[in-house]
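Note sheet for the following structure.
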Amino acid sequence: MKITNIEAFPVWGGQRNFLFVAVDTDEGISGVGEAGITGRELAVMGAIEHFKPLLIGQDPMNTQHIWQLLYRGGFFPAQRILGSAVSAIDIALWDIKGKAFGVPCYDLFGGRVRDKVVCYPHNSGDDSAIESLVESCLQTTEEGWKFVRWGLPTEADAFNPRRAVNTAIAQFEAVRNAVGDDIELCFDVHTRLDLPDAVRLCREVEKFSPYFIEDPLRSENPDSFKTLRPRTGVPLAAGEQFSSKWEFRQLIDEEWIDYARIDLCIVGGFTEALKIVGTCETHYIQIALHNPLGPVSSAACLQLNLATPNFGVQEQPRRTGTVLTDVVPVQPDWEDGYLLPPTRPGLGIEFDREAARAHPFQMTDLPRLQRVDGSFTNW
């Protein structure tokens, strides 16, 4: 079997773009993957164009060799943009493998270790309003979700760290009182805080027993977690902005995090994620895959989580089967807060190229935040 073509499909989803990649072979078996780096899809597509000459004629079964070729083949090691292109291609190649052998991808990863995968949704309110957040959390709990998740509040396009932390503490109390002790609370700082504010937030919310606090610090210098870790008892999650096992290495080896937020669509696909998952297992770190993307990413995350012993929870912004159902008409089944194992081969989904072309790319960008003095801060 040989690779004959690679095609990128940037798809407008109504509020944002999704980037899917299809890989074709001379035996008529095709696979599909999804790339990360929302808001920089054109850059990732450029990387895919560079990769095409390296891929045509390759055996799609040689995923490890192809990963090494794409990651190292330009002399400069791949990072986020190239890593996202590698990820989409790698996921598509594993989809091809599963279809060629007639089994779901999870069978290629060692087989299922669980019967279903618990997920958390994205809850939201009106900026810093507590009442609307509580209403959202009660609604998803009523629908059957076992987790709630929300992020550090902002004030439109402005951000005041002290007020944000104070509001977040009040939100924790209100949400915990509303949903009870059996629902898990996930909270995303989104890398917006500096160390002093992150310490105060983590200490103040310990009494509400959060499942984890995500990205309490910026990701460029993971060494900073060594200062935060001993100053709080809450579980910490990080890693969604990392593009390789090397970026995860220190956080894992030093055990500064409790949950690894691997993004399959940035970190290099299944081939790289499987190595990170195994390393995490040696340190009893659980996996909480970062999945803010589309239905191909959701299907890929499900396949890995079904075969991962040290799995914690899967991010799932919304129920499957509710987004881009014309582009991906067959999606995993969701039931009572869980995704169920697919039995179809590969990723277990279908991808409609003509439907994808009917939703052409639209130039858009991510929100921007600034502090009260006008300085830029992370969104």
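Side notes on the structure shown:
- Residue pairs, from the table LYS52/LYS226; LYS146/LYS245; LYS52/LYS146; LYS99/LYS275, whose Cα atoms sit over 32 Å apart: LYS52/LYS226; LYS52/LYS146
- Full extension of the chain segment joining ASP59 with ASP26 gains 10.9 nm, where the gain is 0.36 nm per residue of separation less the Cα-Cα distance.
- Our note on the geometry: Cα centres of the stretch 1-48 and the stretch 86-105, 14 Å apart.
- Value of relative contact order over the chain, rounded to a whole percent, pairs C-alpha under 8 Å and six or more apart: 21 percent
- Sorting ASP26, ASP197 from the fewest to the most surrounding beta carbons within 10 angstrom yields ASP26, ASP197.
- Within the chain, percent of DSSP bridges classed antiparallel, to nearest 5: 50 percent
- Degrees between helix 161-179 axis and first principal axis of the chain (Cα, 0 to 90, nearest 10): 80 degrees
- For the options GLY269, GLY14, GLY98, a Gaussian network treatment of the chain with springs between C-alpha atoms closer than 10 Å singles out GLY14 as fluctuating the most.
- Among ASP352, ASP365, ASP188, ASP90, a tally of other beta-carbon atoms within 10 Å of each Cβ gives an order, fewest to most, of ASP365, ASP352, ASP188, ASP90.
- With helices as the sole contributors, the chain gives -11500 deg cm²/dmol at 222 nm; each DSSP H run of n ≥ 4 counts as -39500 (n - 2.57), and the sum is divided by every residue.
- Classified by the C-alpha gyration tensor, the stretch 107-343 has an oblate form. Its axis ratio a/c, with a ≥ b ≥ c, is 1.5 or above, and a/b does not exceed b/c.
- Cut-off under 5 Å, modelled amide H: who pairs with GLU155 long-range: ASN160
- Cα long-axis angle, helix 80-101 against the chain (0 to 90 degrees, to the nearest 10): 60 degrees
No value in this document is a laboratory result; all are computed from the given coordinates. These figures come from a predicted structure and were not determined experimentally. A quick note on method: Cβ atoms are made from the backbone with ideal geometry, for glycine too, and the neighbour counts reach across all protein chains shown.
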